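Presented below is the structure to which this report refers.
The values are calculated or read from the model by the stated rules, or taken from the named source; none is laboratory data. Computed from a predicted model, the values in this text were never measured in an experiment. FYI the Cβ positions are ideal-geometry reconstructions off the backbone, even for glycines, and counts take in every protein chain you see.
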């Protein structure tokens, strides 16, 4: 079923992989509320902890009087930023620097806040959360309020306050080809601006942790730290040196994690609860309230693009200047600068590219860096529409004119998978391009269309380890260390193991093992590439061992090549009726009262991607289509249809595939409504909840149609290449509105902005 050496078999007879509506065990427990998160943990004698939080966007604690808080009945401890134990964890510094490139956690309890609502000054430990709240109100703080920046453009003005780093130190420029020569070759040179609004990260389950210390019963030297709710990888990297615990004396019991993607270093609770528990001699729980997890997940981005192209639509040169709001992250700022190496314009035959990047640290929020639309695909979406409108040709024809084929950037062909995506999407959409403002619907609203293609890296950034075990009960056990951010990969991996082993899906048991070396959801969206790949290879090795064991048994007088597996049974190819459960051979080979387990392990990652050139990895391809209707009297823009067609190489779990595409369209829809609003004078957020900050709901979205085009172009598990980040397209509905009314409106495209653009308010 698989080549053990690591090449893909071109299979077509899948029995488990790719089936529609295969139940997901882990997703089921989440949907039904049965999933146990770290903040669900209740330990005997557990205390509660809460941080003091800054009411200012940027402020420093001058002095603090905690006497009244300490005296409150039920208060066990009040730990301040200048406590000796806190200073020791901070390397002896009151205000340790935050290395945003290395991802250092920063101070356990800072004495200076860089964003509103940031933990600062003190943390209270008490017998109830209510007493914590009361004690925090009793702390008298003298604040030094510092100058703020909440708009990246303001941070570039002369005399602007400097947040962490002078913006001049965060500017970069990179180029390929001869940009000026490319502009001279152009028949048309246009310039345009585009922007991203700040977007909220609003996880459904707030992050938090519960920690306690205990003497290891097995006699391991030193105390053992038990902690629930900590990120399994990044969190433990920091905890081990901070508290002098080893891999063996650090235990994390929770499978599911609160929070979301890229919030790893926002979790001060996971860093401080071990200290609080050690001081109290009891378990301590510290969990954020929902409003405390309401921060920008995507920051402001403003860009100016100079675009050169010929009269047939061929792009000859691109120069983009981008200003990124890096916020005040506790981790490295993802994609601070968009260099041409990651530019979507590398998917075109244009070889004259330049990117000027400028990042500005601000006090706008605890962001995940400047990650807003990875790899800057929105610039490409808008550029193609600008060309189409200028020349009066279909935007899809512009894309097909410029995209290059798989052999090189000079290949004039269109990748077959991408062409199939586009053709399927046009058919599903009933695509009929029209110039801006040219089509009115029967109800009087204006009709708009937008299109976007994307080619993206396939992520397999690091190798993983997987172990597959068959036991005497005929079950196939797969130890998992996660998933701590999602469940798609874990359920897909179960299908892959069932496929390789020839087992029933229900006989594959996903067993959580905190010490397992394998993590099914790795960084960079590689769940269906690196993760499923190692699972496939481990399962193939395990099956090989099982067949060898069965061939040695008294049941069959045959060689391993004469045997096969199906429905968790080993059978004789020449006589399929002679079939026996996996467990029979394991039990027969046991000794005494013990059964023999069969286990196989594989370490590695998928082979090199099938489309790799000059450092550009472009295996993942998709096409998105959006249709809107805009009421020019009310300004309301309604998405009437989304169509998304993706070529993932091979769909491993159809339900997961569809879920990811729907999720991407929810994200994209935010271009019509999502925006953080600030008091520019103080930096305080004015939209801090679901009433003031409008996120899309099921009632906001129009119909979403999703399709898979499986060209088997990938080189990971069964030809899978993944879906990846590039599906998110917040400018897609924005471009559709521009096509409807002939006016470009920076997001969010709210009714008041539409009416203002039309001169009606």
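For the reader, a short list of remarks on this structure follows.
- Qualifying residue in the stretch 695-708 (condition: more than 29 Å from residue 619 (Cβ to Cβ), modelled with pLDDT of 95 or more and either assigned by TED's automatic domain parsing to the domain that holds residue 428 or touching a strand residue (DSSP E or B) at 6+ places or on another chain (Cβ under 8 Å) (or both)): no
- Among strands (runs of 3 or more DSSP E) entirely within the stretch 190-239, having at least 1 residues that are modelled with pLDDT under 80 and surrounded by 19 or more Cβ atoms within 10 Å (Cβ to Cβ) singles out 199-201.
- Leading residue by the ranking (modelled with the highest pLDDT) among those in the stretch 609-631 that are part of a loop (DSSP other than H, G, I, E, B) and more than 19 Å from residue 702 (Cα to Cα): 619
- Residue count for the stretch 47-66, restricted to those that are within 35 Å of the chain's Cα centre (by Cα) and either more than 24 Å from residue 128 (Cβ to Cβ) or surrounded by fewer than 16 Cβ atoms within 10 Å (Cβ to Cβ) (or both): 7
Residues are listed down the side, and each one gets a yes or a no for (1) surrounded by fewer than 24 Cβ atoms within 10 Å (Cβ to Cβ); (2) at pLDDT below 90; (3) within 23 Å of residue 27 (Cα to Cα):
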residue: 442; (1), (2), (3): yes, no, no
residue: 463; (1), (2), (3): yes, yes, no
residue: 488; (1), (2), (3): no, yes, yes
residue: 505; (1), (2), (3): yes, no, yes
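- The stretch 590-608, subset part of a loop (DSSP other than H, G, I, E, B) and modelled with pLDDT under 65, residue nearest to residue 648 (Cα to Cα): 595
- Residue match in the stretch 264-276 (condition: surrounded by fewer than 21 Cβ atoms within 10 Å (Cβ to Cβ) and either at pLDDT below 95 or under 25 Å from the mean Cα position of the chain (by Cα) (or both)): no
- Residue in the stretch 672-679 that is in contact with a strand residue (DSSP E or B) (Cβ under 8 Å, 6 or more places away or on another chain), assigned to a helix (DSSP H, G or I) and within 26 Å of residue 530 (Cβ to Cβ) present: no
- When residues of the stretch 724-743 are limited to those that are crowded, with 20+ Cβ neighbours inside 10 Å and in a loop (DSSP other than H, G, I, E, B), the one nearest to the chain's Cα centre (by Cα): 724
- Selection count where residues are outside any strand (DSSP E or B) and over 13 Å from residue 125 (Cα atoms), scope the stretch 56-74: 5
- Residue, farthest from residue 227 (Cα to Cα), within the stretch 166-189, restricted to residues that are modelled with pLDDT of 90 or more and part of a loop (DSSP other than H, G, I, E, B): 187
- Summed over the stretch 376-406, the residues that are in a loop (DSSP other than H, G, I, E, B), surrounded by fewer than 22 Cβ atoms within 10 Å (Cβ to Cβ) and in contact (Cβ under 8 Å) with a residue 24 or more places away in the chain give a count of 4.
- Hey, residue 163 in a helix (DSSP H, G or I), surrounded by 16 or more Cβ atoms within 10 Å (Cβ to Cβ) and out of contact with any helix residue (DSSP H, G or I) (no Cβ under 6 Å at 6 or more places or on another chain) or not: no
- Top-ranked residue of the stretch 674-693 - restricted to ones that are more than 21 Å from the chain's Cα centre (by Cα) and closer than 20 Å to residue 635 by Cα, ranked as surrounded by the most Cβ atoms within 10 Å (Cβ to Cβ): 693
- Criterion violated by residue 367 - all others in (1) touching a helix residue (DSSP H, G or I) at 6+ places or on another chain (Cβ under 7 Å); (2) surrounded by 20 or more Cβ atoms within 10 Å (Cβ to Cβ); (3) at pLDDT 50 or above satisfied: (1)
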